[in-house]
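Each remark here refers to the structure printed beneath this line.
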Amino acid sequence: MATDTYESPLNSRYASKEMQYIFSPDKKFSTWRKLWIALAEAEKELGLDITDEQIAEMKEHIYDINYDVAKAREKEVRHDVMAHVYAYGTLCPKAKPIIHLGATSCYVGDNTDIIIMTEAMQLVKKKLVCLINELAKFADKYKDLPCLAFTHFQPAQPTTVGKRATLWLQELVMDLQDVEYQLSKAILLGCKGTTGTQASFMELFDGDHEKCKELDKKIAEKMGYASTFPVSGQTYPRKLDTQMLNVLSGIAQSAYKFSNDIRLLQHLKQIEEPFEKSQIGSSAMAYKRNPMRSERIGSLARYVIVDALNPAITASTQWFERTLDDSANKRISVPEAFLAVDAILSLYINVVDGLVVYDKVITKQFMAEIPFMATENIMMDAVKKGGDRQELHELIRRYSMEAGRNVKVEGKENNLAELIANDPAFGLTLDEINAVMKPENFVGRSPRQVEDFLSEVVYPIIEKNKDLLGVEVEINV
């Protein structure tokens with residue numbers, strides 16, 4: 001790695017090698033050459049004077065990309081596509097006259113962008129499915145473990161650890177639906193010419209409309225796609241980039257929410273993200289175990305959410321059939337969104353796979369708050385024994401205030417149960433009150449909701465996508 005040149009941290013620190021390759025020069029320019037071959041093959045099949053020898057020569061030089069020749073030529077002509085047409089032609093002298101025949105720059109540039117975004121989204125889908133699978137295991141394992149729920153980050157009606165995990169899962173399921181929908185409508189630009197009219201191909205095919213339509217169809221099939229945009233200007237609609245990054249932004253939002261919850265739970269000492277044996281949490285405070293991976297998820301997610309504005313603004317400011325103010329922006333915004341989401345999903349999988357649950361802390365904190373939440377049940381039991389509801393309600397209100405003062409002002413334990421047991425108006429023993437306060441009595445349908453959600457929603461998704469399971473993630477730093 002050059003140490004005197006800026007390199008994106010998305011490459012050096014965060015994204016996987018798989019995603020880095022998808023957006024690499026090798027992938028890009030070899031795809032350009034495959035598209036030129038598809039064009040030549042389709043034109044030959046439709047009657048143009050192109051030989052098998054020319055096509056075979058082009059196929060021999062898909063991957064030996066002569067970057068030095070292309071770079072020198074681009075410096076001279078200031079045009080990246082024509083520079084690579086020239087470089088390819090030096091390797092394929094017989095095919096040189098027919099490379100890029102009738103096409104405009106966006107034929108290779110835009111079709112390649114779509115292919116790359118589609119393959120990148122497929123990798124996102126793979127990681128998303130693997131993440132859903134890991135989180136489902138966690139939800140099932142802890143579906144019965146009662147814990148405090150929070151509204152406004154204040155203790156509220158209890159839930160279970162597993163039920164809380166289904167809230168994270170639900171958002172990921174929604175994201176997967178968006179990913180699958182986006183992939184389901186993947187189509188190429190095709191070969192539409194300089195303003196989308198196919199005028200150059202009408203010239204090549206002597207005014208034959210059907211051959212022009214067939215050209216698009218053949219190119220799409222050769223590149224593994226079912227169809228092309230039926231109409232376009234010179235470029236594919238830049239709204240496609242917006243749609244792609246909106247899907248990625250949705251994933252980032254889901255991951256951000258999860259990471260914030262883990263950070264809060266780690267503060268409460270209930271659940272911690274994995275912490276390596278030799279990992280350093282703080283340069284000053286040696287005892288600290290900071291939620292660094294969850295914080296990194298949030299940091300990268302924030303970048304993606306903001307980055308998704310780039311294609312939205314670009315799409316809305318395109319002029320007529322073509323304008324070039326999209327190019328520099330999309331070269332940066334689109335790849336970096338995918339690289340960042342790739343890193344986010346790797347981190348998310350890693351964190352879920354290594355979550356540490358401190359069930360005794362969870363139960364202790366639960367029991368410190370449950371007396372307040374159990375007062376309605378306690379009051380009903382006391383009424384059954386002949387107590388006056390209105391009188392009991394006032395007594396409980398008074399004792400709750402006293403117990404709250406003991407906890408908040410005096411720093412003592414919550415003694416609400418003892419206060420109630422010592423008042424003969426309730427007619428309840430401390431054992432009877434403690435029996436009411438069993439944690440499992442307050443979680444409603446949480447365990448069953450987890451079981452139903454997993455069996456009815458999540459497991460079918462995992463079964464449908466079982467071929468995608470087994471991704472290995474590596475956290476670089």
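The set of residues in the stretch 449-477 that are loosely packed, with under 12 Cβ neighbours inside 10 Å and out of contact with any Phe, Trp or Tyr (no Cβ under 9 Å at 6 or more places or on another chain) comprises SER455, GLU456, PRO460, GLU463, LYS464, LYS466, ASP467, GLY470, GLU472, GLU474.
Consider HIS84 carefully, then state whether it is in contact with a helix residue (DSSP H, G or I) (Cβ under 7 Å, 6 or more places away or on another chain), in a helix (DSSP H, G or I), of a type outside the set (Phe, Trp, Tyr) and more than 24 Å from PRO311 (Cβ to Cβ).
Working: in contact with a helix residue (DSSP H, G or I) (Cβ under 7 Å, 6 or more places away or on another chain): yes; in a helix (DSSP H, G or I): yes; of a type outside the set (Phe, Trp, Tyr): yes; more than 24 Å from PRO311 (Cβ to Cβ): yes.
It is true that HIS84 is in contact with a helix residue (DSSP H, G or I) (Cβ under 7 Å, 6 or more places away or on another chain), in a helix (DSSP H, G or I), of a type outside the set (Phe, Trp, Tyr) and more than 24 Å from PRO311 (Cβ to Cβ).
Looking for something hydroxyl-bearing (Ser, Thr, Tyr), touching a residue at least 24 places away in the same chain (Cβ under 8 Å) and surrounded by fewer than 22 Cβ atoms within 10 Å (Cβ to Cβ) - is there at least one such residue anywhere in the stretch 179-195?
Within the stretch 179-195, the first condition is being hydroxyl-bearing (Ser, Thr, Tyr), and the residues that meet it are 181, 184, 194-195.
Going one step further and asking which of them are touching a residue at least 24 places away in the same chain (Cβ under 8 Å), we end up with 194-195.
Filter once more, so that each one left must be surrounded by fewer than 22 Cβ atoms within 10 Å (Cβ to Cβ): 194-195.
Yes, there is a match, as at least one residue in the stretch 179-195 is hydroxyl-bearing (Ser, Thr, Tyr), touching a residue at least 24 places away in the same chain (Cβ under 8 Å) and surrounded by fewer than 22 Cβ atoms within 10 Å (Cβ to Cβ).
The single condition among (1) in contact with a helix residue (DSSP H, G or I) (Cβ under 8 Å, 6 or more places away or on another chain); (2) over 30 Å from ILE475 (Cβ atoms) that ASP113 does not satisfy is (2). Across the stretch 357-386, the qualifying residues are those that are crowded, with 17+ Cβ neighbours inside 10 Å and among the small types (Gly, Ala, Ser), and the one among them that is modelled with the highest pLDDT is ALA382.
Restricted to the stretch 42-69, and to residues there that are touching a residue at least 40 places away in the same chain (Cβ under 8 Å) and part of a helix (DSSP H, G or I), the residue that is farthest from GLU214 (Cα to Cα) is TYR67. Residues that are crowded, with 20+ Cβ neighbours inside 10 Å, part of a helix (DSSP H, G or I) and of a type in the set (Phe, Trp, Tyr) within the stretch 1-41 comprise TYR14, PHE29, TRP32, TRP36, listed in sequence order. Scanning the stretch 201-224 for any residue that is under 15 Å from ASP113 (Cβ atoms), part of a loop (DSSP other than H, G, I, E, B) and either at pLDDT 95 or above or not acidic (Asp, Glu) (or both) turns up at least one such residue.
Of a type outside the set (Lys, Arg) and either at pLDDT below 95 or over 30 Å from VAL341 (Cβ atoms) (or both), is that true of LEU189? The answer is no for LEU189.
Checking LEU248, LEU183, LEU169 one by one, the residue that is farther than 30 Å from MET292 by Cα, assigned to a helix (DSSP H, G or I), of a type in the set (A, V, I, L, M) and not assigned by TED's automatic domain parsing to the domain that holds ILE50 is LEU183 and no other. Across the stretch 406-418, the number of residues qualifying as among the acidic types (Asp, Glu) and outside any loop (DSSP other than H, G, I, E, B) comes to 1. If only residues of the stretch 249-265 that are touching a strand residue (DSSP E or B) at 6+ places or on another chain (Cβ under 9 Å) and crowded, with 21+ Cβ neighbours inside 10 Å are counted, the one that is farthest from ALA343 (Cα to Cα) is LEU265.
Got a sec? Which helices (runs of 4 or more DSSP H) wholly within the stretch 419-477 have at least 2 residues that are of a type in the set (D, E, K, R) and in contact with a strand residue (DSSP E or B) (Cβ under 9 Å, 6 or more places away or on another chain)? Give the derivation first.
On the way: elements: 430-436, 446-453, 459-464.
Per the criteria, no element qualifies.
Here SER232 fulfils each of the conditions (1) out of contact with any helix residue (DSSP H, G or I) (no Cβ under 8 Å at 6 or more places or on another chain); (2) free of Cβ contacts under 8 Å to residues at least 12 places away in the same chain; (3) buried (at least 16 other Cβ atoms within 10 Å of the Cβ); (4) over 30 Å from VAL161 (Cβ atoms) apart from (2).
The values are calculated or read from the model by the stated rules, or taken from the named source; none is laboratory data. Here the structure is a predicted model, which means the values were calculated and not measured. Don't worry about glycine lacking a Cβ; one is built from the backbone with ideal geometry, like all the others, and counts go over all protein chains shown.
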